[in-house]
1. Does any residue in segment 263-278 that is modelled with pLDDT under 95 come within less than 6 Å, Cβ to Cβ, of a residue that is open to solvent by less than 10 Å² (accessible area, probe 1.4 Å) six or more places away or on a different chain, and which pairs are these?
2. Count, please, the residues in segment 218-251 that happen to be in contact with a helix residue (DSSP H, G or I) (Cβ under 6 Å, 6 or more places away or on another chain) and within 13 Å of the ligand (Cβ to nearest atom).
3. Taking only pairs six or more apart or across chains, which ones have beta-carbon atoms under 6 Å, a first residue in segment 282-309 that is at pLDDT 95 or above, and a second residue that is of a type in the set (S, T, N, Q) and open to solvent by 40 Å² or more (accessible area, probe 1.4 Å)?
4. For segment 1-58: of the residues being farther than 21 Å from Gln72 by Cβ and among the aromatic types (Phe, Trp, Tyr), which is least open to solvent (accessible area, probe 1.4 Å)?
5. Residues being more than 18 Å from Gly278 (Cβ to Cβ) and basic (Lys, Arg): count how many of those fall in segment 112-158.
6. Return the total of residues in segment 7-29 being closer than 16 Å to Lys62 by Cβ and not aliphatic (A, V, I, L, M).
7. Can you name every residue in segment 156-189 that is closer than 19 Å to Asp131 by Cβ, open to solvent by 60 Å² or more (accessible area, probe 1.4 Å) and either assigned to a loop (DSSP other than H, G, I, E, B) or within 14 Å of the ligand (Cβ to nearest atom) (or both)?
8. Spot the failing condition for Gly302; the list is (1) more than 16 Å from the ligand (Cβ to nearest atom); (2) more than 29 Å from the chain's Cα centre (by Cα), and only one is missed.
Amino acid sequence: MISIESVKTQYHTDIDNQVSIEEIEKKYLSRKGYIAQLFEEMKSISPEKKGAYGQEVNTLKKEIESYVSQHQHSQETPLRIHPIHIQDIQAEMGGMSPISWLMFRIQDIFSELGFSVATGPEIETEKYNFDALNIPDTHPARDIWDTMWIQDPLGVKSLLRTHTSPVQIHYMETHKAPLRIIAPGKVYRYEATDATHETVFHQVEGLMLDTQTSIATFKGVMHHFFSTLFKQDIKIRLRPSYFPFTEPSFEIDIWMDNTWLEIAGAGMVNRIVLKNAGITDADIQGFAFGVGIERLAMIAYGIDDVRLIHSADIRFTSQLGKITL
Ligand code: FA5
């Protein structure tokens, strides 16, 4: 035998204890729940009390039903805010581009050899991109670098730098030799793209000036650099080449996968360039080089088309997070 009072008390305790709506519904309103049981009790109630008893049970039933329906409703409303835990968020993480990764790695390797990092503007004047590098506008070598010119309202001939070599000039103008720098950055060329040519790509320039810096020093530094980068003893070869700002000039090839791969332009800094940048001390000499980073990435990661690197093709970029050497 249960009483209305005991069911009421139990009901209020359950609400205070935040018993779930499903549980309340089942416990009080189901076919065998407390309310049904209270109605069952009516049989044993005297006829004169039946009316009042029935009303009281009904009132309690309505109260419980209304509580249940209100709270069910609030659970269903789309605006209800659920707390979000950080472990529930499955974000797609991006990966570092192989170009950035290689540039950081190159900076690490050279900084251990005492090189600092220098930068220069991407919008250059003709003076820094060409003239000071011993490439006057009558010089046929200007055609090597197909240039994106910029209309300058002040009449200074400006352009998007075609290589990182102008940073050499900026640095020599403001620093005294001996010096060692690398200069990573973006360069621009007005040329058709193909599997090995981009219009916008990256180079890392290197410059070392000292009294004893020879071609042998240069070869040693390059051998150390490529061997450290690829974590194996890398054979390198200097092939005669031509750049107006170096004398002699070389192409640097590295031996990989049973073939020589051309990777950078280089040479001993032309004395005319030293003079143009204000270095007149006859004892000072040294080397400079310019490595193409996209070409390096192609070799390092077996990429067969340079255009993939900046394509944002998801099949390519989704692999990038896993890249290290
Ligand atoms: C130069 O740009 C010289 N400034 C390099 C230099 C620096 C020589 C210091 C001497 C002293 P070159 O045009 O060869 O040289 O380019 C250098 C490297 O950039 C190439 O070996 C290649 O790796 C890369 N490169 C050149 N053109 C492209 C291109 N269109 N797309 C991608 N990489 C390129």
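1. Hits for this filter: Ile263/Ile252; Ile263/Ile254.
2. 2
3. Asp283/Thr211
4. Tyr53
5. Residues flagged as more than 18 Å from Gly278 (Cβ to Cβ) and basic (Lys, Arg) within segment 112-158 amount to 2.
6. 5
7. Quick first cut of segment 156-189, residues closer than 19 Å to Asp131 by Cβ only: 156-174, 183, 187-189.
If we keep only those that are open to solvent by 60 Å² or more (accessible area, probe 1.4 Å) as well, we get 156-157, 173-174.
Across segment 156-189, the qualifying residues are Val156, Lys157.
8. (2)
The values are calculated or read from the model by the stated rules, or taken from the named source; none is laboratory data. Remember, predicted model here, so these are calculated numbers, not experimental data. Methodologically, a virtual Cβ is constructed for each residue, glycine included, from the backbone with ideal geometry; neighbour enumeration extends over all protein chains shown. Surface accessibility is based on the protein's heavy atoms, side chains included, excluding ligands, DNA and RNA. Shrake-Rupley method; radii C 1.70, N 1.55, O 1.52, S 1.80 Å.
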